[in-house]
Amino acid sequence: MIQFENVSKQYPDGTHALRQVNLNINKGELFVMIGPSGCGKTTLLKMINRLIERTDGIVRINERPIDEYNIHELRWNIGYVLQQIALFPHMTIAENIAVVPELRKWKSEQIKERVHTLLDMVGLKGTTYSDRKPAELSGGQQQRIGVLRALAADPEIVLMDEPFSALDPMSREKLQDDILDIQRQMKKTIVFVTHDIQEAMKLGDRICIMKDGQVLQVGTPEELIQQPADEFVRDFVGSPDPDISPQPVTSLFNLESIMSPLAPGHVPKSAKTAVPASITLPELVDIMSSHDHLLVEREHRIIGVVSRADLIRYWAEQLQERGEGHE
Ligand code: ADP
């Protein structure tokens, strides 16, 4: 849906921010871009809504080069969330969310309904929240409203530039959960920039790892863990190197501690393939790449079920405990 074809950017001072980038972002996916500071993530993101113009190559949205769109039409179809969103201080939360639909002259009934739907999606419908002013909200709550505002006019694409990086860990986790809920319900095409690998693993359908203005690898969290393209990617996702280091993540792995136990005889229909409880982590990652859920078997009895989300969560927690999040 969003395609980059040999896209390069050289800033007037000579900095090569992007070099020959080729990327294909699919409709309805949450696409995460990650890499060290200065690798070109923000430059790439801002090219999508033309806040930054490229110096070479083509960017297409729905097959059409972005220069062919009227710039207002293009930006209206793209929601944008920044690290520090700015809400209008004199307006209520509901009015803040309604800004873009108002600009686009939606009918007032339609706007009201939309605001309700959005608040409902994050569990805030019917609360007094919508009548408050931004100053009465915490930073995390304001950021949450920023996300809803970006979605208000029902854009096809939402760009998020480190939207949660200024928040405390709890608010951050809450907003990440919001995004996953919203994404399940709305299936937007979201391009999400972060420098936090745990956040990337938790949110991304696919993750793009960048370095020095180039794309090193694009893949699902499992693919990056399982088949890192090079040393840099391997280090970045924190995958243990079997040839060099001892493997704490791998050797301490115990499937029973991450699965959901099942009552005897109760087997969910969603899972068909069973794996032994003694399976190793690399083996599980391998099988998980083609299954959403797996049954867990011990001594010929099904004792639990494990989902791909369980595995990713486990991996992210391990990285956190080992202090290997890339801040
Ligand atoms: P990231 O978002 O990954 O931190 P950026 O896209 O912001 O990276 O920056 C990529 C590179 O381009 C960096 O070397 C940065 O210093 C440089 N850069 C960004 N904006 C400008 C600018 N306006 N003029 C010159 N260089 C810039």
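The values are calculated or read from the model by the stated rules, or taken from the named source; none is laboratory data. Just so we're clear, the structure is a prediction, and the values are computed from it rather than from any experiment. All Cβ positions, even for glycine, are placed from backbone atoms using ideal geometry, and neighbour counts span all protein chains on display. Accessible surface areas use protein heavy atoms only, side chains included; no ligands, DNA or RNA. Shrake-Rupley method; radii C 1.70, N 1.55, O 1.52, S 1.80 Å.
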Hey, what do the phi angles of segment 51-68 turn into as Karplus ³J(HN,Hα) couplings, whole Hz, using 6.51/-1.76/1.60 and θ = phi - 60°, x for Gly and Pro? 6, 10, 8, 7, 9, 7, x, 10, 10, 10, 10, 6, 6, 9, x, 5, 5, 7
The long-range amide H neighbours of Q217, using H built 1.01 Å from N in the peptide plane and a cut-off of under 5 Å, are I209
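Which value results when the Cα radius of gyration for the chain is divided by 2.2 N^0.38 Å?
On the way: Rg = 21.6 Å, N = 327, 2.2 N^0.38 = 19.9 Å.
Normalised by 2.2 N^0.38 Å, the Cα Rg of the chain equals 1.09.
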Quick check: net charge around G38, other residues with Cβ under 11 Å of its Cβ, Lys/Arg +1 and Asp/Glu -1? +1
According to a simple spin-label model (label point 7 Å from Cα along Cα-to-Cβ), what is the distance in nm between A229 and E317? 3.1
Run the simple label-point estimate for D131 and D212 please: 7 Å along Cα→C-beta, distance reported in nm. 5.9
Total formal charge among the other residues, if their Cβ is under 12 angstrom from that of K27, Lys/Arg +1 and Asp/Glu -1: -2
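Considering only Cα-Cα distances, which of the following residue pairs are longer than 29 Å: K46/K188; K112/K174; K112/K187; K41/K187; K27/K202; K107/K202? Display every interim value, and only then the final one.
Values: K46/K188 18 Å; K112/K174 25 Å; K112/K187 22 Å; K41/K187 23 Å; K27/K202 19 Å; K107/K202 37 Å.
Long pairs (Cα-Cα over 29 Å): K107/K202.
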Taking the Cα-to-Cβ direction at H291 and at K105 and moving 7 Å from each Cα, how far apart do the two end points lie in nm? 5.7
Restricting to DSSP loop positions (anything but H, G, I, E, B) with no more than 13 other Cβ atoms inside 10 Å of their own Cβ, which GluC sites (Glu not before Pro) remain in segment 37-143? E53, E63
Over the Cα atoms of segment 248-322, what radius of gyration and what Dmax do you get, in Å? 12.0, 38
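Kindly sort I258, I302 by accessible area of their heavy atoms, largest first, with the probe set to 1.4 Å.
Working: I258 25, I302 50 Å².
Descending order: I302, I258.
Mind giving me the FRET efficiency for D13 and V267? R0 is 51 Å, r the Cβ-Cβ distance, nearest 0.05 is fine. Please list the in-between numbers first.
Values: r = 62 Å, r/R0 = 1.22.
The formula returns an efficiency of 0.25 here.
Suppose all protein chains stay in the model; what accessible area per residue would a 1.4 Å probe give for segment 248-322, in Å²? If you can, show how the numbers build up before the last one.
Details: 4290 Å² over 75 residues.
Here the residues of segment 248-322 average 57 Å² of exposed surface.
Based on DSSP H runs of at least 4 residues, each adding -39500 (n - 2.57), what is the mean residue ellipticity at 222 nm of the chain after dividing by all its residues, to the nearest 500 deg cm²/dmol?
On the way: 14 runs with 119 residues, N = 327.
Calculated from helices alone, the mean residue ellipticity at 222 nm is -10000 deg cm²/dmol.
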The percentage of the accessible area of segment 131-286 (probe 1.4 Å, all protein chains present) made up of carbon and sulfur atoms, to the nearest whole number, is 49
Between K112 and S165, how high is the FRET efficiency from 1/(1 + (r/R0)^6) when r is the Cβ-Cβ distance and R₀ = 30 Å? Nearest 0.05. 0.40
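Quick check for me: using +1 on Lys/Arg Cβ and -1 on Asp/Glu Cβ, what's the dipole size of the chain about its Cα centre, in debye to the nearest 20? Walk me through the numbers on the way to the answer.
On the way: 36 positive and 47 negative charges, 237 e Å.
Approximately 1140 debye in magnitude.
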